[in-house]
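No value in this document is a laboratory result; all are computed from the given coordinates. Being a predicted model, the structure only gives us computed values, none of them experimental. Don't worry about glycine lacking a Cβ; one is built from the backbone with ideal geometry, like all the others, and counts go over all protein chains shown.
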Ligand code: GDP
Ligand code: MG
């Protein structure tokens, strides 16, 4: 998928102008790619239609070329399909405890996720109680007990001879006495959608007040996960979804469809078997994963959608006049990050990237160490006064000491940064053709 989409985008990017036919042709490819990523057919259809309407109706503007515009729209629409923002599990106001029922097929990850959630709630200062309502699967109770112990939370169980609804009822009493403010019911799944399972969940819901029904689905099952979500929502009503096993190699196309099919948000994603492997769901990250991880977003960023054209132009002007100051330096650092670090920028610089051949190879510019160094540099610049930032020549020894203290670094590091800044400034002076006068006149730092 990744490769395919990248080709689409490459084609889009290399074209100067996009006609209506171009948009349609490109979206046809996107459509194929999404279907291959296991996105529900109906969702794909609606999605393509939306993007097409937006793309064709909208003039290409804001300094983007038409291809960049389509990339941007594709990404935005994917994000909005998945809910646009992160959603938390709703806690029940005015109730002593929020009761959460976990539902899902066997092996989806309910028991594991129950314990993972308990850990999250505990970190927030809550006192969760886990309830073993799976009385069918051998060792299910034991599994919950072991996981509960690992998380340091209490597990309530009554063995496997009592009906799940009765266990749930008893657990409410126990939780009330015990001062638990979160009660999570771990229920039994079946291998397939099955009437018994649904009936059992309904009985639990009738026996006790369930505030949140959370469906757990396995991302690896692809399109099936979407059908499962649809059935559960229809039969028992769900409030949110947790998608597990996204640490596998699945693109997670199911995530896109789940929100669209059930209207319920994805709350968390399971990223591994360890009890700490539960992450908040971020629609934007998921969108880029479905489209091929960060590549697409990187493209957009490089394409300049995120870059402020006006700022870049002003900076170019300043650089030409060698008025480059620390404000610009800061700005250039943050833009550099967006463009994939210093080496990414170097590669984009005519005469520096390709033309680097003769000079010694750039050191490992994007290493973790370098990232930390950039962060410290930012801290140092933030420790400067506005005057100092705008007038770099003000920096004398006492000022440098004050900055070092403010940023919590050694004075030698301030000196190093000043030196580096001066070198950059010199470089800017020497390469006026680079800044704006470059091949396409579009270079931005
Ligand atoms: P349940 O039948 O729905 O209760 O599912 P379990 O919680 O017993 O999980 C089934 C299997 O999936 C176990 O081996 C878990 O360790 C595993 N599992 C659950 N969540 C994840 C996840 O996010 N990633 C991975 N790799 N494995 C998971
Ligand atoms: Mg289980």
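Here are some notes:
- Note on 205, 45, 259: ascending count of other Cβ atoms within 10 Å places them as 45, 205, 259, the fewest first.
- By average C-beta atoms within 10 angstrom, highest first, the peptides 100-109, 162-171, 184-193: 100-109, 184-193, 162-171
- All-pairs Cα distance distribution in the stretch 98-281, expressed in whole percent, bin size 10 Å: 10, 41, 38, 11, 0
- Normalised contact order of the stretch 98-281, rounded percent, pairs of Cα under 8 Å and 6 or more residues apart: 26
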